[in-house]
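The values are calculated or read from the model by the stated rules, or taken from the named source; none is laboratory data. Everything numeric in this text was worked out from a predicted model, so none of it was measured. Glycine also receives a Cβ, built like all others from the backbone with ideal geometry; neighbour counts cover every protein chain displayed. Side chains included, ligands, DNA and RNA excluded: accessible areas come from the protein's heavy atoms. Shrake-Rupley method; radii C 1.70, N 1.55, O 1.52, S 1.80 Å.
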Amino acid sequence: PSFTPVPIPPGGAPNVVMIVLDDLGFAQLGCFGSSIATPAIDALSANGLRYNRFHVTALCSPTRACLLTGRNHHAVGMGFLTDIPTGFPGYDGRIPKSAGTVARTLRDTGYSTLAIGKWHLAPRWEQSASGPFERWPLGLGFERYYGFLAGDTNQWTPELVCDNHFVDPPRGPADGYHLTEDLAERAIRYVQDQQQATPEKPFFLYFATGATHAPHHAPEAWIDRYRGHFDNGWEAWRRDVFARQRELGIVPDHTSLLDRPDWVPDWDSLSHDEQRLFARQMEVFAGFLSHTDHQIGRLVASLDELGVLDNTLLLLLSDNGTSAEGGPTGSVNEHRFTHDLLDDVGEQVARIDDLGGFRAYNHYAWGWAWAGNTPLRLWKRYTWLGG
């Protein structure tokens, strides 16, 4: 008898966990100077390397295509979002079969490959129950998948996919369901199953949260931790963050903070209602990020409990910096911007208690996006640091 040889990775081959956050500003993690609590991410930074000149493509689909193929996004058809292909070279929104993904390469050399969370690498008309499935995760090298295919989804009632079929969320929002918690639980379970069945095989886990892309949805208790935290406004918060960045060595000592751009209003010039609204938007965003950090902490703790953490390479990044779909006043419904509609401040203030909950699809204002990205003057030229 003869059997086809099974590929076996070299001895000591590490597990790999790639954590991809969404629309996160350079200054919004604690380890990069933020006052937003991210202890789990900060712990990873303290035990590893922290980059302050890490460049991304500034859009969701292109960055993810670069990460998974190791190629320039135009070389794999992802010059823009996969939802809106144009048909021109580099912009057809389809990763070609000639571009092997890291998942396919690792799978073919003996790794288990697992994907959890946001995908955003299949054209919109390929996201139906009948496929085609070539550009779904299982078609690009992953053996298991649980998450959502589009650019964003409702964190309380998501459109979920398990492997190659759509599934309902295990619970509803009234029962305490939240997508990020579900993704963490599924990632932990997939790794536990893999280690129980084939502990000799290393694994590659791609863990991509919906946070902190809109909609900014988080349990109320996490949001309320930040009540009053941003009442001094985005300019004061930005100055404080910049001072911490210099103390931490995130930026060189001779770095100076850019002036506020003309399109961002001075905080003191805003009305009481505007300040109240924008501060609450910041609180919701911060609660969303801290809640996400907690789920990452659960995942890392589970790896430690399994005894595999010390042989696991973890990479954490954001696909791009903070986004501005919310417009100058933010929005209770992020998708209004696609219809060139701006929210009225009065309407939003009337619904301020809905922000973060399952009766809104909210997104913050431009001013907070500017503060979160922290533009800096570096070596006598203007640049954006990080992603």
When Lys and Arg each count +1 and Asp and Glu each count -1, what net charge do the other residues less than 14 Å away from F166, Cβ to Cβ, add up to?
-> -4
3J(HN,Hα) from dihedral phi, the range 56-65, Karplus parametrisation 6.51/-1.76/1.60, rounded to Hz, x for glycine, proline = 10, 8, 6, 9, 4, 4, x, 4, 5, 5
Would you work out what percent of the accessible area of the chain, with all protein chains in place, is carbon or sulfur (probe 1.4 Å)?
-> 53
For the chain, with every protein chain kept in place, what is the accessible area per residue (1.4 Å probe, Å²)?
-> 44
Over the chain, calculate the relative contact order: mean separation of alpha carbon pairs under 8 Å at least 6 apart, over the residue count, as a percent.
-> 26
Residue-count net charge about S98 - beta-carbon cut-off 14 Å; Lys, Arg +1, Asp, Glu -1 | +3
Distance between modelled label sites at N333 and A58, nm, 7 Å Cα→Cβ extension | 3.0
For the range 87-184, what class follows from the C-alpha gyration tensor (a ≥ b ≥ c being the square roots of its eigenvalues): rounded when a/c is under 1.5, otherwise prolate if a/b is larger than b/c, else oblate?
-> oblate
Between beta-carbons, use under 12 Å as the cut-off and find the net charge around W370, counting Lys and Arg +1, Asp and Glu -1.
-> -1
In terms of modelled amide H atoms, which long-range or inter-chain residues lie less than 5 Å from the amide H of I19?
-> F207, L315, L316, L317
